Structures are given as C-alpha cells and as structure tokens.
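Please treat every number below as a calculation from the coordinates, not as lab data. Quick caveat: nothing in here was measured; it's all calculated off a predicted structure. Because the Cβ atoms are built from the backbone with ideal geometry, glycine has one as well, and the counts that use them run over all protein chains shown.
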Amino acid sequence: MSCDVCLRGHDAQKLPFLCPVDARNRIYSSRIKNLQLLVENQSLCSQINTLIGGVETVDAGAAAQILADDGTRQILDSSDRLRREIREAKEEIRHRRAAISARQSHLAAASQGVADRRLKDQRDVEKSTQMFNFRWSQTAEDMASTRSFLCREAIKLYGLKRTRKGSSGRYEYLLGKLPIIDLRDMESQVPEAISSSLAHTSHILMLIAHYLAVRLPAEITLPHRDYPRPTIFNLTGSYNHGRVLFPGTPGATTILQEPQSTDSGHLPTPRPLYIDKPLRQFAKENSAAFSFFLEGVTLLAYNIAWLCCSQGVSLGDKGSFDEVCNMGKNLYSLFASSCFQGPQLASTAKDENRAGTNKEEAPPSWIGRYSHGTTFYALGGADGTALVRTFRLPGPMKLADKLKKKILGETSAPDWELLDDDAWKIDDAAGFDHAKEVSGVEPETPKTESKGWMKVKSR
C-alpha cells in the first residue's frame, strides 16, 4: 500500500517509516487479526456462558426435585403417623366408652334404692339421737332427784322448821333450834344470836350449793384452819382472787378496829358474817366495819334469793326489799316446798291409784335441775344465762343501803313495848274476874301468862 504523504510504497527492509501513514499501514493487518481473534473469543465466551448456564438450570431442577421428594416423603410419614395416632385414639375411645358404660351400669345397679336407704339411715340416726336425748334427759332428771334427796336429807339433819310466833300470826324459821334472823328485825337480836344464825345459814347454804353444783354469785368462805369465822366476798371479788387477808388477821381490817392502810389494797376484802357488839353500838364505834357487816348479810340474803330463783322457787315480789331480807322464809320455800318433798308412801291401794293419777298432773320439780356442774341444764349455757336474766333481783349494795337506813334511821325505841289487842284480852278477863270476886261468886282461875300492861324491852 502506498503512503499518502510520500507517495511511495512501503518496504520494510529497504525503506524505514517516513510518516504515520506508513506506520498505520504497517500494523493494519495485525489489527485485523486481533479483531478476528476478539470476535472468535467473544463467540467462544458466549458459547461457554451458554453451556455454563444450562448446567446450573439442570442442577437447580434436580435440587428442587430432591426437595420436593423429601417434602413429599415427610408429608407421607406425618400422614401415616397421624393415621396411626387416630387409630390408637379411636381404640382408646372405644375402651373408655366400654369402661364408662360398665361404670354406668354398676352405678345404676348401685343407685337403685339409694333414696330408701338414705331415708332409712336418716330415720335410724334420728331415732338414735332421740334415744340419746331421752337417756340424757332421764339421767339429768335422775341426777336432779339425787341432788334434791341429798339436800332434803341435809335439811332434815339441820332441822329446818317453821313455827308460829306467839299470837301475832308471824312465822319464825328455825335452823338447828336457832331462829334464822330476819334482816329487818336484826336490831332486836343479841350479837351472839346473830353470829350463830349467820354461821348456821352460811354452812347449810354452802352445803346445799355443793350438792346442787351451783356457784353462788357471792363467794362464801366457811370457818377454816386459818380463820374461825364465816365471811363472804362481794360480787366483783368472788372466785377471781388469790390468797386474801381475812378480818382479824395481822395486816387486815378487823370489825373491831378502824380500817388501817395495808399493802394489799388490790385484794378483795371479805365481808364478815359475824358481830361482837350490838348494832347501834357497833355503828357508832366503827362505821366502816358496820357497813361491811351489813353488806355481808345482804350478800348472804342475795345468795339465798338467787338460789331460790335458779331452782324455780317463787319469791313473790323479787324486787321487794322485804322478800329478799327474809332469809328464813326463802330457805323454807326452797327446801321445804311441796315440789321438794320426797315421794310419800301410800297406805292403801286407793291412795296408790290416786297418787298414780295425780302424778301426771303434778308439775315437775325444778330442784336440782339447773346447775353449773351439768351440760343438760347448764346455768352457764344459753338457756341458763337467759334464766338468770329473768331474776331481776335488787343489787346487794341497794339492799345494804336500805338496811342501813332502816337500822340507823329508826328512832330510839322506848323501854316498853305496846301490846296488841290479843294481849289486852287477858287483862280484861282478869278485871272481870275481880268483879265477880267482889260479888261473892268464886271465879275460875285465870291462865297466867308473861304479858302485862307493859313489858320491859331488853337492850
């Protein structure tokens, strides 16, 4: 090829390059070959890429097929396992249904007559309960009869009697041949008689309370080794104290001395049930001990009235001062009432039949029923508490105040006492006989008595 610049042909051996055209012409063939090689290389690359892409597609399809086969196999295994579990569950359900059916049949067989058996068992339990309650009530009645018998025998031994006093029509109550003092007439009694009567009354009251298993509201302390006189505690200090100092012991308040300050002020003070001096003299010399004594005797009377109410014995007007203070009448009403008497032996068959007919009509005895030692008629129970609330007795302090006003408020008695109408009849009869003697007619000898125009009253 000729050069466009120098217009000469190229000769590599003879002539060198004179211009760029010659150089271009020199490398043109080589460039053509390079292009051919590049085209061939590109075609080969495309073929190779085509071949490589086809292998990857085959591998991906094979892998997908393998994964699909594995998933199918797992699904088939799961379905087989589920079929097996369903089959086992159906078998278990069938066995359970069979067991339930058998159990229902057994239950139906066992529940036949359940209502009848239950009713029979209930009747048996009710019958046994009624029998138990009947036996319990019979035992309680027998125990009450035993208690009343013991009290009756104790009263017989002590000799509780009621006698009519003179022609006034008033009754006098004796215990051990000693009169039971009436708190209203206590001023006319000598100190020895008062102390003896209170001692006898306290002793028989404690014995009866022991037989009846009743805890009295006011605690009574009988003569014992450390103290030879009976005493009584107030309601708040009863049954909740330790060792106490009795009146007359060292460091305690006596009834003959003025009260002294002691270190045992927190302990309850027993009220004495005895006296050594006449009441008026005692009240003047020692007013505090006199108040203690009056409180003690009213507590004793309150105990007797409370015991009568607890055993169903009527006191008339429970709130009356006169009814509570008449201790002899209350004791006699309690221990010698018709409901307390023992069964009387009939001498003839007619009397026995009459007693048999009247036995049902006679009211039941309350003596010995309610006590603190039993649970059938328990004074500490609900029924006993309701019974105690119906007593409505006046308080011991009110009784003591009334008694103190009665004793100290009375005017000084004269040295003579006025006679009633019955006492005047004897003197009238004596005057009438004297008139007969004057007229010459021999009269009958009048009956002499100790009554006269006036009688000197002993101080």
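List of remarks:
- HN-Hα J in Hz across segment 118-134 - Karplus 6.51, -1.76, 1.60, θ = phi - 60°, x for Gly and Pro: 5, 5, 5, 4, 5, 5, 5, 5, 5, 5, 5, 5, 5, 5, 5, 5, 5
- Separation of segment 90-132 and segment 269-340, taken as the distance between their Cα centroids, equals 68 angstrom.
- About its Cα centre, the dipole of segment 364-409 is roughly 400 debye, where the only charges are +1 on Lys and Arg Cβ and -1 on Asp and Glu Cβ.
- Take 194-205, 119-130 and order them by the average number of nearby Cβ atoms within 10 Å per residue, most first; the result is 194-205, 119-130.
- Close amide-amide hydrogen proximity is noted between ILE232 and THR221, ARG271, LEU273, each under 5 Å apart and 5 or more residues distant or on a separate chain (H modeled in the peptide plane; Pro and chain starts excluded).
- Under 5 Å from the amide H of GLU172 lie the amide H atoms of THR163, ARG164, LYS165, each residue being 5 or more positions distant or on a separate chain, with H modelled from the backbone and absent for Pro and chain starts.
- Estimated from the Cβ-Cβ distance and a Förster radius of 60 angstrom, the FRET efficiency linking LEU408 and LEU150 is about 0.90.
- Ordering ALA102, LEU150, LEU174 by Cα displacement along the dipole of segment 55-208 toward the positive end leaves LEU174 in first place; charges were set at the Cβ atoms of Lys, Arg (+1) and Asp, Glu (-1).
- In order along segment 192-204, the phi-based Karplus estimate (6.51 cos²θ - 1.76 cosθ + 1.60, θ = phi - 60°) of 3J(HN,Hα) comes to 5, 5, 5, 5, 5, 5, 5, 5, 4, 5, 5, 5, 5 Hz; Gly and Pro are listed as x.
- Greater than 19 Å apart at Cα, pairs in LYS161/LYS329; LYS156/LYS177; LYS284/LYS398; LYS277/LYS402; LYS284/LYS406; LYS177/LYS405: LYS284/LYS398; LYS277/LYS402; LYS177/LYS405
- Across segment 39-45, computed HN-Hα scalar couplings (Karplus, 6.51 cos²θ - 1.76 cosθ + 1.60, θ = phi - 60°) run 5, 4, 4, 5, 5, 5, 4 Hz from first to last residue, x flagging Gly and Pro.
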